[in-house]
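Chemist: Could you have a look at this structure, given as structure tokens, before my questions?
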Amino acid sequence: MKARSDKGSGVNAIRGAIEAVVGRENAFSDPEKSCDYGHDEFSLREIACEPELVVKPGSAAEVAEVIKIAGAHGVPVTPRGGATGLCGGCVPVCGGLVLSLERLDRVLEIDADNQMAVTEAGVRLSAFSKAVEEGGLYFPPHPGDESAMMGGLVATNAGGSRAVKYGTIRNYVRGLEVVTPTGDILRLGGKLEKSSTGYNLMHLFIGSEGTLGVVTKATIHLITRPSAMRSIVVPFETLEPALETVPLIMKRGVVPLAVEFLEIEPITLTEAHIRKKWPTKLGTTHLLVILDAATEEEMDRLSEAVAEVCVGKGALDIFIADTPSKQEEVLAIRSKIYDAIKAGTVEILDIAVPRAEVAGHVRKVREVAARYGMWLPTFGHAADGNVHTHIMKARYEGGQMVPVPESEWRDKADQVREELFRDCRERGGVISGEHGIGLVKKPYLSLVLDERQIELMRGIKKVFDPRGIMNPGKIFD
Ligand SMILES: Cc1cc2nc3c(=O)[nH]c(=O)nc-3n(C[C@H](O)[C@H](O)[C@H](O)COP(=O)(O)OP(=O)(O)OC[C@H]3O[C@@H](n4cnc5c(N)ncnc54)[C@H](O)[C@@H]3O)c2cc1C
């Protein structure tokens with residue numbers, strides 16, 4: 001981890017004032033405690049920075065006071081949620097304060113009549129989902145790490161596998177309370193399904209990665225829980241027919257809850273990692289199709305349609321996980337792939353391309369992998385066109401992950417990333433479908449956005465944050 005930056009050396013001058021707002025116990029710089037606040041889940045810890053001061057406010061009013069003090073002294077403020085981000089978004093690269101939202105951890109209301117929840121920003125996804133279920137409702141978005149916080153999900157416009165049917169977090173946010181970089185508290189939107197009342201500032205904050213202000217509260221739209229759910233695993237001999245099947249399923253009029261594609265190697269490693277069994281080892285590429293429906297009859301109809309399309313494209317078999325325990329096993333393996341290969345991962349890309357371009361993009365990944373002699377396991381949310389290629393510092397050999405020397409991956413990792421970003425641009429895609437730009441993808445933004453768009457974004461940032469204190473160094477310079 002990099003030593004404390006000296007760029008934000010104004011911190012010493014404001015420390016007393018900040019302690020007076022949040023209490024001494026909620027402002028600390030002791031390296032033993034604060035070093036946990038200098039990184040996120042991006043695997044190369046060389047981007048991590050030791051925070052100058054970690055501040056844990058207990059209310060929106062305290063957030064506003066802290067920001068006013070920091071702003072008056074030009075001290076940077078980096079908002080931090082669950083730190084599950086994968087692009088260095090909450091890393092305090094310019095020094096100053098790390099503003100952790102962890103004390104804003106209450107679900108304030110489950111409003112069954114309006115099908116809305118009101119939550120503070122520091123509530124973890126796991127706790128939020130539990131509160132919603134206890135209230136008899138359902139929150140469809142499900143990004144892979146449940147320790148992410150609701151404010152972080154909003155700030156990154158998180159997606160996850162269920163986006164194909166239900167969309168990303170943006171589709172669920174109806175209201176936000178935000179503290180601007182000038183210390184104003186804005187209440188945007190509400191328990192409303194419609195609004196044509198001026199510019200929609202709320203949507204500007206969704207996906208702004210903490211660069212426009214701090215989310216302190218969110219009003220979230222909920223739905224009625226679907227009564228039937230079923231997972232179908234479909235092995236294919238090769239990549240192409242598997243991925244070409246996905247647009248055909250959608251064309252058939254079936255909108256699954258999720259369609260994931262997986263390669264056999266990460267499945268094998270994850271089975272060993274969590275001691276659970278995937279239903280089949282046939283072929284090289286598998287589709288995991290998850291369906292939801294209001295009735296069992298509807299579920300049978302959807303399953304048959306999916307099976308028919310898959311068989312028509314040469315599926316080797318169809319495995320239906322229709323009991324809760326079989327479903328749990330399949331979903332556990334899918335969600336633990338990250339853990340199983342984390343030790344060998346340099347970076348997880350989250351390129352998004354039009355759905356029908358996924359097969360072509362993954363073919364390109366394989367060609368690049370062969371040319372550079374690297375293992376680039378690739379899986380993802382196939383029906384959303386969202387592809388997670390893992391750039392690895394390990395190779396796959398005999399069912400094991402074997403580390404490779406740094407000299408064999410370091411430079412190649414940059415070249416691979418750039419080649420794949422260029423391929424995504426040629427296919428009309430974007431370099432981030434759900435994780436955000438943060439620090440790590442910043443140098444590549446101009447590959448997919450023209451200079452005028454970036455200039456307009458800079459202009460918006462300046463309106464909200466004239467002093468440039470809010471999460472500086474992220475998205476663009
Ligand atoms: C195993 C694993 C699986 C994942 N799967 C998915 C997935 O399927 N889909 C997906 O979209 N993502 C996924 N992610 C990425 C990550 O979980 C999401 O980006 C998540 O939304 C980050 O939330 P967080 O609370 O951890 O935010 P952090 O990492 O703390 O911060 C992320 C960004 O948001 C800003 N921020 C945080 N809180 C606030 C706030 N209250 N106000 C303003 N800005 C704030 C930060 O400054 C930073 O820029 C995965 C990560 C892991 C480790």
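Chemist: Could you say whether any residue in the stretch 18-36 is within 21 Å of residue 436 (Cα to Cα) and among the aliphatic types (A, V, I, L, M)?
Modeler: No: the stretch 18-36 contains no residue that is within 21 Å of residue 436 (Cα to Cα) and among the aliphatic types (A, V, I, L, M).
Chemist: Please name all residue pairs, on different chains or six or more residues apart, with Cβ atoms under 7 Å, provided the first residue is in the stretch 199-213 and is among the hydrophobic types (A, V, I, L, M, F, W, C) and the second residue is in a helix (DSSP H, G or I) and surrounded by 22 or more Cβ atoms within 10 Å (Cβ to Cβ).
Modeler: 206/154; 206/169; 212/205
Chemist: For the subset of the stretch 175-215 comprising residues that are of a type in the set (D, E, K, R) and out of contact with any strand residue (DSSP E or B) (no Cβ under 6 Å at 6 or more places or on another chain), which member is nearest to residue 475 (Cα to Cα)?
Modeler: This residue is 209.
Chemist: Any idea which of (1) charged (D, E, K, R); (2) in a loop (DSSP other than H, G, I, E, B); (3) modelled with pLDDT of 95 or more is the one residue 187 doesn't satisfy?
Modeler: Going through the list (1) charged (D, E, K, R); (2) in a loop (DSSP other than H, G, I, E, B); (3) modelled with pLDDT of 95 or more, residue 187 breaks only (2).
Chemist: Sticking with this one: Could you list, in sequence order, all residues of the stretch 288-333 that are hydroxyl-bearing (Ser, Thr, Tyr) and either in a strand (DSSP E or B) or in contact (Cβ under 8 Å) with a residue 40 or more places away in the chain (or both)?
Modeler: 295, 303
Chemist: Output the strands (runs of 3 or more DSSP E) that fall wholly within the stretch 21-122 and possess 3 or more residues being modelled with pLDDT of 95 or more and basic (Lys, Arg), or say none.
Modeler: Once the strands (runs of 3 or more DSSP E) in the stretch 21-122 are filtered for at least 3 residues that are modelled with pLDDT of 95 or more and basic (Lys, Arg), nothing remains.
Chemist: Out of curiosity, is residue 149 near the ligand (Cβ under 7 Å from one of its atoms), at pLDDT 95 or above and crowded, with 21+ Cβ neighbours inside 10 Å?
Modeler: Taking the combined requirement at face value, the residue satisfies it.
Chemist: May I ask you to verify whether residue 159 is farther than 22 Å from residue 380 by Cβ, within 7 Å of the ligand (Cβ to nearest atom) and within 15 Å of the chain's Cα centre (by Cα)?
Modeler: no
Chemist: Answer yes or no as to whether residue 435 is surrounded by 19 or more Cβ atoms within 10 Å (Cβ to Cβ), on the phi < 0 side of the Ramachandran plot and away from the ligand (no atom under 16 Å from the Cβ).
Modeler: no
Chemist: Can I ask one more? Go through the stretch 438-477 and report how many residues are away from the ligand (no atom under 16 Å from the Cβ) and either crowded, with 20+ Cβ neighbours inside 10 Å or part of a helix (DSSP H, G or I) (or both).
Modeler: Residues meeting the conditions: 15.
The values are calculated or read from the model by the stated rules, or taken from the named source; none is laboratory data. Please read these numbers as outputs of a predicted model, since none were measured by experiment. Positions of Cβ are generated from backbone atoms using ideal geometry, with glycine treated the same way; all protein chains shown enter the neighbour counts.
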